[in-house]
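Peer 1: The structure under discussion is supplied below as structure tokens; questions concerning it will follow.
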Amino acid sequence: MAGCHHHHEAAFDGMAPAYKRALWAVIAINAGMFIVEITAGSLAGSQALKADALDFLGDSLTYGLSLFVIGMPIAQRANVALLKGVSLAAMGLWVLGSTIWLMLGPGLPEADVMGVVGLLALAANVASVAILMRWKDGDANVRSVWLCSRNDAIGNVAVIGAAGAVAVTQSGWPDLIVAGLMAGLFLSSSAQILKQALAERQQVGA
């Protein structure tokens with residue numbers, strides 16, 4: 001979800017049964033990886049894995065909302081978008097705050113766990129991209145779902161890179177830096193979503 005947002009002004013045409021099945025599959029993949037990564041991140045002491053886990057959770061909720069709001073009036077879609085934006089901001093602030101807190105303490109994340117789980121997360125996102133590939137050129141709502149999964153795969157590469165850097169440097173800073181960058185992407189995405197949603201509400205006088 002990092003760095004992506006939904007444009008609601010286009011006509012929605014993503015309700016084909018095959019697309020809905022694909023979207024449900026991607027929701028299941030993201031929800032499953034949230035559980036795996038939040039657990040592994042806690043056990044390995046990796047803030048980057050925890051941040052990526054929240055990204056998977058956010059994607060699951062966003063994709064579910066994308067299904068829910070299709071066909072609704074623009075005012076209702078804008079209200080749901082506002083909810084997405086606020087929740088993204090909350091996740092970003094939590095990751096940023098806890099990352100700053102961890103900078104003050106000792107401890108080295110387990111690079112091997114970070115690397116293995118990062119690879120698993122990358123595989124999950126590549127699978128999501130492959131499932132959604134045939135619909136990547138749909139309307140803005142449909143396309144944004146595909147772009148979110150594609151961007152997430154790029155984020156997974158950053159986590160894997162951080163794992164390698166932790167192993168080489170024997171320092172926790174690469175993990176914290178990646179987590180901080182992901183927090184920034186959450187906040188940036190939130191700002192874009194909130195700006196778009198508020199503009200849409202103004203258009204309809206909501």
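Peer 1: Treating the Cα atoms of the chain as identical point scatterers in vacuum, please give the log10 of the normalised Debye intensity I(q)/I(0) at q = 0.12, 0.14, 0.15 Å⁻¹, two decimals.
Peer 2: The calculated log intensity ratios at q = 0.12, 0.14, 0.15 Å⁻¹ are -0.59, -0.77, -0.87.
Peer 1: Apply the Karplus parameterisation 6.51 cos²θ - 1.76 cosθ + 1.60, with θ equal to phi minus 60°, to every residue of region 119-135 and state each ³J(HN,Hα) to the nearest whole Hz, in sequence, with x for glycine and proline.
Peer 2: Residue by residue, region 119-135 yields 5, 4, 5, 4, 4, 5, 6, 5, 4, 4, 4, 5, 4, 8, 3, 5, 10 Hz.
Peer 1: Next question, about the same structure. Fewest Cβ neighbours within 10 Å first, please rank Val36, Val166 accordingly.
Peer 2: Val36, Val166
Peer 1: Which whole-number percent gives the relative contact order of the chain, counting Cα pairs below 8 Å spaced six or more residues apart?
Peer 2: 38
Peer 1: How many angstrom lie between the C-alpha centres of region 56-96 and region 149-177?
Peer 2: About 26 Å separates the Cα centre of region 56-96 from the one of region 149-177.
Peer 1: Now for a separate question. Can you tell me the 0 to 90 degree angle between the C-alpha axis of helix 140-169 and the longest principal axis of the chain, rounded to 10?
Peer 2: It is inclined by approximately 0 degrees.
Peer 1: In degrees between 0 and 90, to the nearest 10, how far off the longest principal axis of the chain does helix 173-203 point, with axes built from Cα atoms?
Peer 2: Computed tilt is about 10 degrees.
Taken together, the values in this text are just the output of simple stated rules run on the coordinates, not laboratory data. Predicted model only: the values in this text are computed from it and were never measured. Glycine also receives a Cβ, built like all others from the backbone with ideal geometry; neighbour counts cover every protein chain displayed.
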